[in-house]
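A.B. asks: Mind having a look at this structure? Questions to follow.
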Amino acid sequence: MEKTTLYNYILGIADNNLILGQRLGELCGHGPNLETDIALTNIALDLFGQTRSYYQYAAKLSAIYKTEDDVAYLRKEREYKNVLLVEQPNTHFGFVIARQYLFDVFNYLFVEKLQHSKDETLSAIAKKAIKEVSYHKRFSGDWVKRLGVGTEESNQKMQEAIDGLWQYTNELFEMTEVDDLSVRGGIGVNLSELKETYFKEVAEVLKEATLTIPENPYFQKGGKQGIHTEHMGYILADLQYIQRTYPNMTW
Amino acid sequence: MKKNWPLWEVFVRSKNGLEHRHFGSLHAADAEMALENARDVYTRRNEGVSIWVVESKYITASNPADNGELFEPAKDKVYRHPTFYNLPDEVKHM
C-alpha cells in the first residue's frame, strides 16, 4: 500500500481521538463535580495517549511533518479528517455523555478489529488501546442509563442530546477511498461491517435508558473529507494557538 | 447540584496478597458510579488491583468521646503483649 494512503488512514483514526480529547479537555476544572471531572479528564488523556502513538507513526510516513506535534498542530482545518460527531460542543452534560457514548461504541468495535490489522504498528496500538476504550464505553454507557432513567429533567436533557447528535452517527461508517484501499491492503477495518452491531447495541442501551431513537430522514457527513462544522475552526484556534504564535516552541 | 450525592468509603487492594486498605472517600449517586469514580480518583497511578466501596452511612464508628473507656484501660496492661518470654537462641525469625 502507498505511503500516502497509510498516512491518510492513520489521520482518519487519530484525528477523532485528538478532537474528542480536546473537547473533553475543555471541561477540565468545569466538570459537574470533582469525581466526574477527573473521570472525563482521564478519558481525554487516554485519547491523547492513543493519538500520540498514531501521530508518531504518521510523522514517520509524512514528507512535510517531521514530528507528532507538527502533525497535531500545524495542519489546516481541511486537513483534519475527524468525523463531525467528535467536534460537537459541550452544550450540557447530556451532550458530553451522548457524544462520548455514540463515539465509544463505534470506537470499541473499530479498535477490536484494528487489532487484527496486517500493519504491526496499528495492531500494536489497537491492542494497547482496547482496554482503555472498553472502559470509556462502560463509563459513558452507565451514564446514559443513569441520566435516562434518573429524573424527568435528566431524561429530557439526555433525549435532547441524543436527538441533536443522532444525525452524526451514520458518518462513522462511511467508507472513503482511503478506507477502501486500506481494507483491500489488509490494513484497514471495513466500517460497513460494524454498522449493524453498532446500531443494535446502541438501540438496546437507549431502550434500557427509556430514551427513543429519533427518526432521522437525513444524516450529516463531510468530516472525513475535511469539510467540518462551524465549531471546528474555534477548536483549532484553541488547540494551535501556542504553536502558531510561537512557532517551533517546545516545553 | 441542590442535593449532594451520598458519600462512599473506598478501599483498595494495592497488590494480590495484601489486604484492602482505606484510601479515602468520594461522592457518587450509586454503587456502580462509586466504583468507577474510585477507579478514576484513586487508582489512576497504578495503585490497585481491586476496589471495594461502601456507603459511609453503613459504617458504625466509635465515638471519640468514649475514647477514655474504650482505649485507656489497655494502656497499662503491657502483659498482654507477648514480650515476657525468654527465647532460646536456636529459635530464629521471631
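A.B. asks: I'd like the trypsin sites (Lys or Arg not before Pro) in the range A:34-89 restricted to DSSP loop residues with at most 13 other Cβ atoms within 10 Å, sorted by number.
C.D. replies: Those that pass, being in a loop and sparsely packed, are A:Lys66, A:Lys76.
A.B. asks: Quick one: B:Asp89, A:Asp15, A:Asp163, fewest Cβ neighbours within 10 Å first, how do they rank?
C.D. replies: B:Asp89, A:Asp163, A:Asp15
A.B. asks: Given a Förster distance of 51 angstrom, what is the FRET efficiency for A:Met175 paired with B:Thr83, based on the Cβ-Cβ distance and rounded to 0.05?
C.D. replies: 0.10
A.B. asks: Mind sorting B:Phe71, A:Phe110, B:Phe11 by how few other Cβ atoms lie within 10 Å of their own Cβ, fewest first?
C.D. replies: The most exposed by this proxy come first: B:Phe71, B:Phe11, A:Phe110.
A.B. asks: In addition: So for A:Trp251, B:Trp52, fewest C-beta neighbours within 10 Å to most, what's the order?
C.D. replies: By the 10 Å Cβ count, ascending, the order reads A:Trp251, B:Trp52.
A.B. asks: At 7 Å along Cα-to-Cβ for each site, give me the label-to-label distance between A:Leu74 and B:Asn63 in nm.
C.D. replies: For A:Leu74 paired with B:Asn63, the spin-label model returns 7.1 nm.
A.B. asks: Same structure, new question: Could you pull out the longest piece of chain B with no exposed loop GluC sites (Glu not before Pro) in it, calling a site exposed if DSSP puts it outside H, G, I, E, B and it has at most 11 other Cβ atoms within 10 Å?
C.D. replies: That would be B:20-89.
A.B. asks: Can you compute the modelled spin-label distance between B:Ser56 and B:Asp30, with each label point 7 Å from Cα toward Cβ, in nm?
C.D. replies: Between B:Ser56 and B:Asp30, the simple spin-label model gives 2.2 nm.
A.B. asks: OK, next. Between helix A:120-149 and chain A, what is the angle of the helix's C-alpha long axis to the longest principal axis, kept within 0 to 90° and rounded to the nearest 10?
C.D. replies: For A:120-149 against chain A, the angle is about 20 degrees.
A.B. asks: Also: Take every residue in peptide A:134-141, count the Cβ atoms of other chains within 10 Å of its Cβ, and give the average of those counts.
C.D. replies: That works out to 1 on average.
A.B. asks: Given a cut-off of 19 Å, name the pairs among A:Lys60/A:Lys137; A:Lys66/A:Lys224; A:Lys3/A:Lys66; A:Lys3/A:Lys81; B:Lys15/B:Lys57 whose C-alpha atoms lie farther apart than that in the structure shown.
C.D. replies: A:Lys60/A:Lys137; A:Lys66/A:Lys224; B:Lys15/B:Lys57
A.B. asks: Checking the a/c ratio against 1.5 first, then a/b against b/c, what shape does the Cα gyration tensor give for the range B:7-80?
C.D. replies: oblate
A.B. asks: I would also like to ask the following. Report, as a whole number in µm² per second, the diffusion coefficient that Stokes-Einstein gives for chain A at 10 °C and 1.306 mPa s using the Kirkwood radius over alpha carbon pairs.
C.D. replies: 86
A.B. asks: So, one more: Nearest 10 degrees is fine. How inclined is helix A:152-165 to the longest principal axis of chain A, computing both from alpha carbons?
C.D. replies: On a 0 to 90 degree scale, this one is about 30.
A.B. asks: To the nearest 20 debye, what is the magnitude of the charge dipole of the protein assembly as shown about its Cα centre, counting +1 on the Cβ of each Lys and Arg and -1 on the Cβ of each Asp and Glu?
C.D. replies: 660
A.B. asks: Now for a different question. Between A:Ser154 and B:Phe71, with labels modelled 7 Å along Cα→Cβ, what's the label distance in nm to one decimal, could you check?
C.D. replies: 3.9
A.B. asks: Another question, then. For Cα pairs less than 8 Å apart in space and 6+ apart in sequence, what is the mean separation divided by the residue count of the range A:3-245, i.e. the relative contact order in percent?
C.D. replies: 25
Values in this text are rule-based calculations from the coordinates and carry no lab data. From a predicted model like this one, the values you see are computed outputs, not experimental measurements. All Cβ positions, even for glycine, are placed from backbone atoms using ideal geometry, and neighbour counts span all protein chains on display.
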